[in-house]
Amino acid sequence: MTVSTTSTAPAAALGVLPRADGSAKYSYAGYTVTASVNGPIEAQRRDEHPYEAHVDVIVRPAAGVGGTRERHLESILQSSFSQIILVKNFPRSLIQIVLQVEDSPENDYVNTKLVQASLNFSIMPALFQTAVLALLSAGVPIRATATATAVAIVPQDGTKRSVVDPSPRDVEIAQSVHVLAFTSHDELLLAESEGDFTVKEWDDVYETAKDVCCRPVPTKEGMEMVLDDEHTNGPDLRHFLRSTMENKVASDLHWK
C-alpha cells in the first residue's frame, strides 16, 4: 500500500488559559482544539476512589452540545490517560481534562450534519495530543508522554493506499479507519478501528502509525539531527512534542 499524508505541520501553544492549572492549544490537519487541565483537586463523593485519582475527560464540540459521539470519545480518552497518569499518587482526588473543539475541516462532498453525527475517528489524534500537552503544562505526574495518529485505508484505482491524518472526504470513502497511540517507551497505548480490514492491512497500519509516533531522532556526536528525507509518513510527533516543551521552558526561563 502506498502512503500519503497532509503537508501541513502541527502547531501548539501552552498556557493559553490563565485560570487553569494547565492548558494548551493544538492545530493540525484542519482541527484546532483547546484543552484545560485542573487537578489533582478534591473529588465529589461519587467519584472518589480510595486508592487512586479519578480522571474525568470532557469533550465539547465546536457547535451545540455534546452527544453520543462525544461520550464515546470521552470514555476512550479517559481509559488511555488513566494508564499514563500516576493516579495512585493522588487517592480520593480528581484530575479533570476539558477539550474544546474550536475548528474542524469541512467535507464539501457530504452533508455536514451527517459528518457530525458519525463517530469521527480523525479528530481523536488532535484531542489526544492537546490533552497530553495540557497535562504537561499542568505538571501532572505521568509515567510517559504519548503521541497519537489516525490512518485510513482508502481504495484507489484497484489498489489501496494508507492516508495518515485523513480528511473527512478520505474517512467517508475509506475501507477502514484506525487510531493508534504510543507512549514514549514505544508501547501501544490506544488502538481503535472501524470498517473492514485484514490482519495484513492492520499490520501495515500499525507500522505506519508507529513510524509517525515513535520515530527516533538520529544523533551524531551528541547532537540531534533531523533528516527530512528519511521518512515521509506524516510528521515526527515525538520530536514535535519535545520541541514544544523545550520552547515553553526556554520562554519561561528567559527572564533569568
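Derivation of every value follows stated rules applied to the coordinates shown; laboratory data play no part. Just so it is clear, the structure is predicted and the values come from calculations on it, not from any experiment. Positions of Cβ are generated from backbone atoms using ideal geometry, with glycine treated the same way; all protein chains shown enter the neighbour counts.
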Expressed in nanometres to one decimal, the distance between label points 7 Å along Cα→Cβ at His239 and Lys88 is 3.6 nm
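Taking the Cα centre of region 169-214 as origin, sum charge times position over the Cβ atoms of Lys and Arg (+1) and Asp and Glu (-1), and report the length of that vector in debye to the nearest 20.
On the way: 3 positive and 12 negative charges, 14 e Å.
Charge dipole, region 169-214, about its Cα centre: 60 debye, nearest 20.
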Relative contact order in percent for region 39-178 (Cα pairs under 8 Å, 6+ apart) equals 24 percent
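Determine the alpha carbon to alpha carbon distance for each of Lys160/Lys210; Lys160/Lys200; Lys25/Lys88 and list only those over 22 Å. List each step's numbers first, then the result.
Details: Lys160/Lys210 19 Å; Lys160/Lys200 12 Å; Lys25/Lys88 28 Å.
Over 22 Å Cα-Cα: Lys25/Lys88.
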Note to self: C-alpha centroids of region 143-201 and region 17-46 sit apart, in Å, by 25 Å
